[in-house]
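Presented below is the structure to which this report refers.
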Amino acid sequence: MNLPSLSTPDAQLDLRGTPCPINFVRTKLRLEQMQPGHLLEVWLDPGEPIEQVPDSLTMAGYHVEQIVNCNGYYSLSVRRPVTVS
């Protein structure tokens, strides 16, 4: 099985301007549509979104790989886990 690149996102989701908890719900729904092991880049506003969404995703079983301050918004890289049967 070929795993996707470790750093290049397989999809992007711009949730700037989206309030909590809708931004978490949309991120989770998008991750559930992706293949296991794939990486999603999510753009989030400062404040509550970047404080809450990464923790909520971690508690839901997703792996937050990177958070980057992009001068006015944050880029969050989160990977859908590879499930083992």
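The values are calculated or read from the model by the stated rules, or taken from the named source; none is laboratory data. What you are looking at is a predicted structure, and each value in this text was computed from that prediction instead of being measured. Cβ coordinates were reconstructed from backbone atoms using ideal geometry, including for glycine residues, and neighbour counts include every protein chain displayed. Just so you know, the surface numbers come from the protein's heavy atoms only, side chains and all, with ligands and any DNA or RNA stripped out. Shrake-Rupley method; radii C 1.70, N 1.55, O 1.52, S 1.80 Å.
Structure above, values below:
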{"item": "Some residue of the stretch 62-85 being modelled with pLDDT under 95, open to solvent by less than 50 Å² (accessible area, probe 1.4 Å) and not hydroxyl-bearing (Ser, Thr, Tyr)", "result": "no"}
{"item": "Selection within the stretch 11-40 - out of contact with any helix residue (DSSP H, G or I) (no Cβ under 9 Å at 6 or more places or on another chain) and open to solvent by less than 30 Å² (accessible area, probe 1.4 Å)", "result": "34, 37, 39"}
{"item": "Scan of the stretch 41-53 for residues that are open to solvent by less than 20 Å² (accessible area, probe 1.4 Å) and among the aliphatic types (A, V, I, L, M), ordered by number", "result": "42, 44, 53"}
{"item": "Filter result for residue 16 (more than 17 Å from residue 79 (Cβ to Cβ) and basic (Lys, Arg))", "result": "yes"}
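Residues checked against (1) in contact with a Pro (Cβ under 6 Å, 6 or more places away or on another chain); (2) of a type in the set (Phe, Trp, Tyr); (3) without any contact (Cβ under 8 Å) to a residue 40 or more places away in the chain:
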position: 8; (1), (2), (3): no, no, yes
position: 15; (1), (2), (3): no, no, yes
position: 19; (1), (2), (3): no, no, yes
position: 23; (1), (2), (3): yes, no, yes
position: 27; (1), (2), (3): no, no, no
position: 45; (1), (2), (3): no, no, yes
position: 67; (1), (2), (3): no, no, yes
